[in-house]
Structures are given as C-alpha cells and as structure tokens.
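Colleague: Starting off with a structure, shown below.
The values are calculated or read from the model by the stated rules, or taken from the named source; none is laboratory data. The model shown is predicted, which means the values in this text are computed figures rather than measured ones. Every residue, glycine among them, receives a Cβ derived from its backbone with ideal geometry; neighbour counts consider all protein chains shown.
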Amino acid sequence: MKVTMSFKNLEHNRRLDEKIRQKTSRLHKFLDENTEVHWTCHSEEDTDYASIRVTGPSFQCNASGESDNIYKALDLALHKVQKQLSKKKGSLKNRIHHQGADPLELNLERSKRRQKAGAKEGRDSEDSDDEYLDAVG
C-alpha cells in the first residue's frame, strides 16, 4: 500500500507523520498492496481539516473530517472511510456468495439445501418447486 501526504497551512512534523501512518495501518484489513492512500491536511483559521482518498484497482473512496484539533480530524476521516470500505467489502462478499444462488431466492440456507438436493437427485432445473419441497420435507 502506497501512502502519500500533503499539508497546506499546517506545520508538518514527525509526530503527525507517524500518526497518519499509524491510522493508515488500520486499513490493511480492507486493502491489498495495489492500493494508494492519499492524506491531505490543511488548516483555516481555528479549524483543521483532514481528508483521505483511497484508490484501488476497481474502486475509490473519499472521506474528510474537520475539528479544532488535527488529530480529531484524522480520526473522523478515518472512521468515515473505514465504514465505506467495510460496506464495499460486505457487498463484494455478498456478490461472491450469491453467484450460485437463484436471483429470486432470498433465503441463502434454503438455496444451498436446494442446490445440494438437486445435485444428489440428479434433478433438472425445470422440475417444479412443489416436487422439490415435497422431497425435502
């Protein structure tokens, strides 16, 4: 994972740099090595802003946070992007798990039992559902 940082109207120091890298390490469970993470931090008057852009091979997520403290702004932005990545990861898992199921089948367990019973009985997909339900019980 490639991490870049940019700062505007804000003093860049080692402590802030380490904090950003520490925050970014929390995203490893969602991301692979082909991902770029770009942090942008800036300050206007009494408010600090932090934004994060995560770019992968097939997706992009953006989030930002604002607070009177730059570290709080980093936490807010990180929390938002974690929610986005978690949601995206969940939708990808669902897509993978539902590829073998009927598109109209909402109950995943029933769909799996159906596929197993159909394979054991050598049943064609044209057989009626009533016959299947009678056989399975």
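Colleague: Any chance you could count how many residues in the stretch 38-62 are in a strand (DSSP E or B) and more than 18 Å from LYS87 (Cβ to Cβ)?
Modeller: Counting residues in the stretch 38-62 that are in a strand (DSSP E or B) and more than 18 Å from LYS87 (Cβ to Cβ) gives 12.
Colleague: So is LYS116 at pLDDT below 95, in the same structural domain as LEU10 (by TED's automatic domain parsing), out of contact with any Phe, Trp or Tyr (no Cβ under 6 Å at 6 or more places or on another chain) and not in a loop (DSSP other than H, G, I, E, B) or not?
Modeller: No, not satisfied.
Colleague: To continue, here is another question. Working only within the stretch 1-36, note down all residues that are touching a Lys or Arg at 6+ places or on another chain (Cβ under 7 Å) and aliphatic (A, V, I, L, M).
Modeller: The answer is VAL3, and nothing else.
Colleague: Condition first: aromatic (Phe, Trp, Tyr) and not in a loop (DSSP other than H, G, I, E, B). Now tell me which residues in the stretch 1-37 satisfy that.
Modeller: Within the stretch 1-37, just PHE7 meets the criteria.
Colleague: Just to be sure, is ASP48 under 17 Å from ARG15 (Cβ atoms) and touching a His at 6+ places or on another chain (Cβ under 8 Å)?
Modeller: yes
Colleague: If you don't mind, there's one more thing I want to ask. Please find, within the stretch 11-26, the residue that is nearest to GLN84 (Cα to Cα) out of those that are surrounded by 15 or more Cβ atoms within 10 Å (Cβ to Cβ) and in contact with a strand residue (DSSP E or B) (Cβ under 7 Å, 6 or more places away or on another chain).
Modeller: Only one residue tops the list, namely THR24.
Colleague: Filter the stretch 27-53 down to the residues that are of a type in the set (S, T, N, Q) and modelled with pLDDT of 90 or more, then identify the one that is surrounded by the fewest Cβ atoms within 10 Å (Cβ to Cβ).
Modeller: Residue satisfying both the conditions and the ranking: THR47.
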